[in-house]
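Quick one: this structure, given as structure tokens, is what I'll be asking you about.
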Amino acid sequence: MELWGLLSWILLLFLAAAVIGFLLFCGYIHYTHLKYDHIPGPPRDSFFFGHSLKMLNVMKKNQLVHDLLLGWVETYGPVVRLNSFHNVTILTVSPESVKEVLLSPKYLRDWYYEKLFSLFGVRFMGKGLLSNRNHEQWHKQRRIMDPAFSRTYLMGLMGTFNEKAELMMEKVEEKADGKSHVAMHTLLSRTTLDVISKVAFGMELNTLENDDTPFPRAISLVLKALVEMFDPFIRLSWTKRAFVKEVQEGVKLLRKTGKECIERRKKAMQDGDEIPMDILSQILKGAAVDGCCDTEDLMDNFITFFIAGHETTANQLSFTVLELARNPDILEKVQAEVDEVIGERRDIEFDDLGKLQYLNQILKETLRLYPTAPGTSRALEEDYVIDGYKIPPKVTLMFNSYIMGRMERFYPDPLVFNPDRFHPDAPKPYFSYFPFSLGPRSCIGQVFSQMEAKVVMAKLLQRFQFELVEGQNLRVMDSGTLRPMDGVICRLRPRIKSGKAK
């Protein structure tokens, strides 16, 4: 009896502690509400979940949460409060805030980037260049990586850009009969994956030639998981167990590939072999400078560049094809430019890229409407005022290029695809256009990406006409990056007779 009495008391104490803890948590959430409720925002759907349930429901319906946020901005103004449990995020479309916060190194990336350390318990990007919040550690990594993105090195990549783009043109030519349905996103994604694999890590994946390669699927799963991980119940869901397992295996495959690649390069360096000045060499150089050879740390940046280095470019190119197919007048104009600059030459030279001005405008306009990485966020550690609203610290500031790019306030007729917005003589957007972010933590690979995009797009425009297959879904899907939902299914036909390559 005494034992049962003791156990009863322990159980009562445990329940009392749980109730007290729950009440304290409720009190803290209520305190947070009071602290930030002066900031405009939509009504909360739940005391605990705030606005997160509505956003999760939108995602589960394969709708774009950024469109929901755009609607809230248009309803509640340029500063919008978003609640989830005790966390508060402030979404702002104030250009002055974009300028001040993103250009300053004192505003660190927020807690979201820490979630990139692992996916479903398996180390993912770890402490890599994208996910590292510590500014000093990040700055050291960035300084080491910079030579791999210098103008001199990038000019030397034109051969690989041409080579892999030519392989894609051969694949397109096989199906360019005016009848076959071609999934352009699949072709473009495999092309950019082959490019980044070779120029960054010296690997020949040949995914364009090998339909059985597991890498494209592994990357798609990992990117989808970056959206799904915001569901706090995903790992408890029976229906998602297979997906979680596949993602874990996909991450392991990518890291295993990275480990093998790193070990091969280390051996080549030890044997005194000539090695390229690519991203992998810079990763290993950084390890030598720091006196650190932890393979896990080295693989973090392998994964970061392997994934980020191809998906965003493939998505941008897919959206470009989509918009050109919908705008035949723009297509005709850019093809005329390509004819004038490139002619029938198969090898595009570095100097040609600067002459493709209208194509450059098209690529920029594509990123205005479809920024493949739609936004970024920063941690606010001190009081801050936006458009007259005082924002207390310990919150996340969210900046969204997708939302700002579709607002009438910044772009007249924002849903109209108009490359002339980026004509050299047109007024430049005032801190409302940042598809590669801005400031010290802007994307290190943006010049690389746009060079590659120009080469691939110029070759496609030079040799083919394309039209959209009827009945496909043309909506935007968030799968870690923004991509066309049905993959831009086209019919293609040769534009010019293939002559002797010059």
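Bear in mind these aren't lab numbers, they're just calculated from the coordinates by the rules spelled out. Note that this is a predicted model, so its numbers are computed, not measured. Positions of Cβ are backbone-derived with ideal geometry, glycine not excepted, and every protein chain shown enters the neighbour counts.
Round to the nearest 0.05 the FRET efficiency obtained for ARG409 and VAL469 when R0 = 30 Å and r is the Cβ-Cβ distance. Write down the numbers at each step before the final one.
Details: r = 35 Å, r/R0 = 1.18.
It comes out at approximately 0.25.
Take every Cα-Cα pair in segment 75-221 and report what % of them are more than 24 Å apart.
Numbers: 6274 of 10731 pairs.
So the pairs more than 24 Å apart make up 58 percent of the total in segment 75-221.
Quick one: net charge of LYS394's neighbours, Cβ under 13 Å, K/R +1, D/E -1?
Details: positive: LYS35, ARG378; negative: ASP110, GLU381, GLU382, ASP383.
After counting each charged neighbour, the total is -2.
Also: In what sequence do CYS261, CYS490 fall when counting other Cβ within 10 Å, fewest first?
Values: CYS261 20, CYS490 24.
So the ranking, lowest neighbour count to highest, is CYS261, CYS490.
Let me know the Kirkwood hydrodynamic radius for segment 314-442, please, with Cα pairs as the basis and the value in Å to one decimal.
Values: mean 1/r = 0.0594 Å⁻¹.
After inverting the pairwise mean of 1/r, the radius is 16.8 Å.
OK, next. Counting Lys +1, Arg +1, Asp -1, Glu -1, what net charge surrounds LEU102 among other residues with beta carbon under 13 Å of its beta carbon? Please list the in-between numbers first.
Details: positive: LYS99, LYS106, ARG109, ARG378, ARG441; negative: GLU96, GLU100, ASP110.
Result for the neighbourhood of LEU102: +2.
Consider a paramagnetic label point 7 Å from the Cα of ARG217 along Cα→Cβ; state which residues of segment 166-191 have an amide N under 20 Å from it.
183-191
Follow-up question, since we're still on this one. Based on other C-beta atoms within 10 Å, arrange HIS423, HIS135 from fewest to most. Provide the component values of the computation, followed by the final result.
Details: HIS423 12, HIS135 16.
Lowest to highest Cβ neighbour count: HIS423, HIS135.
Indicate the gyration tensor shape class of segment 1-51 (rounded, prolate or oblate), computed on the Cα atoms with a ≥ b ≥ c the square roots of the eigenvalues: a/c under 1.5 is rounded; otherwise a/b larger than b/c is prolate and the rest oblate.
Details: a/c = 9.89, a/b = 3.90, b/c = 2.54.
Since a/c reaches 1.5 and a/b is larger than b/c, the shape of segment 1-51 is classed as prolate.
Here's another thing I want to ask about it. Which of the trypsin sites (Lys or Arg not before Pro) found in segment 81-147 are in a DSSP loop and have at most 11 neighbouring Cβ atoms, other than their own, within 10 Å?
Values: sites: ARG81, LYS99, LYS106, ARG109, LYS115, ARG123, LYS127, ARG133, LYS140, ARG142, ARG143; in loops: LYS106, LYS127, ARG133.
Taking segment 81-147 and a limit of 11 other Cβ atoms within 10 Å, the loop trypsin sites (Lys or Arg not before Pro) found are LYS106.
Let me ask something else about it. Once you sort the root eigenvalues of the Cα gyration tensor of segment 156-265 as a ≥ b ≥ c, which label holds: rounded (a/c under 1.5), prolate (a/b larger than b/c) or oblate (the other case)? Write out the running numbers ahead of the final one.
Working: a/c = 2.82, a/b = 1.44, b/c = 1.97.
Note, shape of segment 156-265 comes out oblate.
Which GluC sites (Glu not before Pro) in segment 195-282 sit in a loop by DSSP (not H, G, I, E or B) and have at most 10 other Cβ atoms within 10 Å of their own Cβ? Present the calculation step by step, with values, prior to reporting the outcome.
Numbers: sites: GLU204, GLU209, GLU228, GLU246, GLU249, GLU260, GLU263, GLU274; in loops: GLU204, GLU209, GLU274.
The qualifying sites are GLU204, GLU274.
Same structure again: How big is the Kirkwood radius of the chain, worked out from every pair of different alpha carbons and given in Å to one decimal? Mind dumping the intermediate values first?
Working: mean 1/r = 0.0405 Å⁻¹.
This gives a value of 24.7 Å.
While we're here: Once every DSSP H run of n ≥ 4 in the chain is given -39500 (n - 2.57) and the sum is divided by its residues, what mean residue ellipticity at 222 nm do you get, rounded to the nearest 500 deg cm²/dmol?
The helix-only estimate for the chain comes to -17000 deg cm²/dmol at 222 nm.
Still on this model: In the chain, which whole DSSP H runs stretch at least 24 Å along their own axis (Cα) and average 1.0 or higher on the Kyte-Doolittle scale?
Details: long enough: 2-36 (51 Å, 1.42); 158-175 (26 Å, -0.86); 184-201 (25 Å, 0.67); 241-270 (43 Å, -0.95); 295-326 (47 Å, 0.20); 446-463 (26 Å, 0.18).
Qualifying helices: 2-36.
Using Cα pairs closer than 8 Å and at least 6 residues apart in sequence, work out the relative contact order for the chain, in percent. Write out the running numbers ahead of the final one.
Numbers: 696 pairs, mean separation 113.9, N = 502.
So the answer I get is 23 percent.
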